[in-house]
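To keep things clear, I will list the structure first and then write my remarks on it.
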Amino acid sequence: MRPPQFGAPCPGPMPRLRTRDQFQALLALRPVSRTAHFALHRMPLDAAQPLFKPADEAWLGAMVPKRWARRAVTRNAVRRQIYAVGESLQPPLSADAHLVRLRTGFAPRQFPSASSAALKAAVRAELLQLFAGGERR
C-alpha cells in the first residue's frame with residue numbers, strides 16, 4: 001500500500017468541499033440556518049450535479065475568513081470543530097452539500113487565548129444549534 005501523497009484529499013467518512021466552484025455554488029444560496037457567529041448554506045444534490053460526485057453522500061465545507069478570526073490557530077481550531085461536529089451528528093447530515101460560514105468574530109475579551117478549551121466548547125455548542133436549525137428546514 002502506498003502512503004498518501006501530499007495535497008491529496010484526506011480519507012474520511014464525509015467528502016469535503018475543495019474547489020472554488022463548490023464554495024461559490026453554495027454561497028450563491030441563502031443560508032438555511034444562522035446563529036450569532038455562523039451561517040449554514042445547504043444545496044440539495046442530484047445525480048446531474050457535476051460539482052459533487054458522489055451525490056448520494058453529505059458534503060461538508062468550512063469557511064473561516066481571516067477577517068473574523070485573525071490568528072491561524074483560531075481559524076484552524078474553528079475549522080476542526082466544524083468538521084468534527086458535522087461528522088459526529090446523530091442522525092447524520094442529509095445527503096446534501098453543506099457549508100458552514102463564520103460570519104462574525106468571537107470577542108477577544110471573552111476568549112483571550114487563540115485556541116482555548118472555552119472557545120472550542122462555545123464553538124461546538126453553537127454549531128450543534130446551527131445544524132439543528134438547518135435540519136428543521
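The values are calculated or read from the model by the stated rules, or taken from the named source; none is laboratory data. Here the structure is a predicted model, which is why all the values come from computation and not from measurement. Cβ atoms come from the backbone with ideal geometry, glycine included; neighbour counts cover every protein chain shown. The area values use the complete protein model at the heavy-atom level, side chains included, leaving out ligands, DNA and RNA. Shrake-Rupley method; radii C 1.70, N 1.55, O 1.52, S 1.80 Å.
Accessible area per residue for the chain in Å², computed with a 1.4 Å probe and the full protein assembly in place, what is it?
Details: 8410 Å² over 137 residues.
Each residue of the chain exposes 61 Å² on average to a 1.4 Å probe.
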**Distance between modelled label sites at Arg16 and Lys66, nm, 7 Å Cα→Cβ extension** = 1.9
**Message:** So if each residue of separation counts as 0.36 nm, and I subtract the Cα-Cα distance between Gln129 and Arg80, what length gain in nm does that give?
**Reply:** 16.0 nm
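Under the rule of -39500 (n - 2.57) per DSSP H run of 4 or more residues, summed and divided by the residues of the chain, what mean residue ellipticity at 222 nm is obtained, to the nearest 500 deg cm²/dmol?
Per the formula, -11000 deg cm²/dmol.
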**Complete:** Other residues with Cβ under 15 Å from the Cβ of Pro112 give, with Lys and Arg +1 and Asp and Glu -1, a net charge of +4
**Item:** Environment charge at Met14 (Cβ cut-off 9 Å; Lys +1, Arg +1, Asp -1, Glu -1)
**Value:** -1
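Using 0.36 nm times the number of residues separating Val73 and Gln49, minus their current alpha carbon distance, what extension gain do you get? Spell out each step's value before the answer.
On the way: separation 24, 0.36 × 24 = 8.64 nm, distance 3.45 nm.
Here the segment from Val73 to Gln49 would lengthen by 5.2 nm.
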**Prompt:** Most mobile of Pro91, Pro13, Pro112 per a Gaussian network model of the chain (Cα springs, under 10 Å)?
**Reply:** Pro91
**Prompt:** Can you tell me the Rg and Dmax of the chain, counting just the alpha carbons, in angstroms?
**Reply:** 15.2, 49
**Asked** Of Lys120, Lys66, which has the most accessible area with a 1.4 Å probe, and how do the rest follow in descending order?
**Response** Lys66, Lys120
**Prompt:** When the chain is modelled as a GNM with alpha-carbon springs shorter than 10 Å, which of Val123, Val73, Val32 fluctuates the most?
**Reply:** Val73
**Prompt:** How far, in nm, would the chain grow between Ser88 and Arg34 when pulled straight, counting 0.36 nm per residue and subtracting the alpha carbon separation?
**Reply:** 17.5 nm
**Complete:** Fraction of alpha-carbon pairs in the stretch 70-137 farther than 19 Å apart, rounded to whole percent, equals 32
**Request:** May I ask for the distance between the Cα centers of the stretch 25-44 and the stretch 72-137, given as a whole number of Å?
**Result:** 13
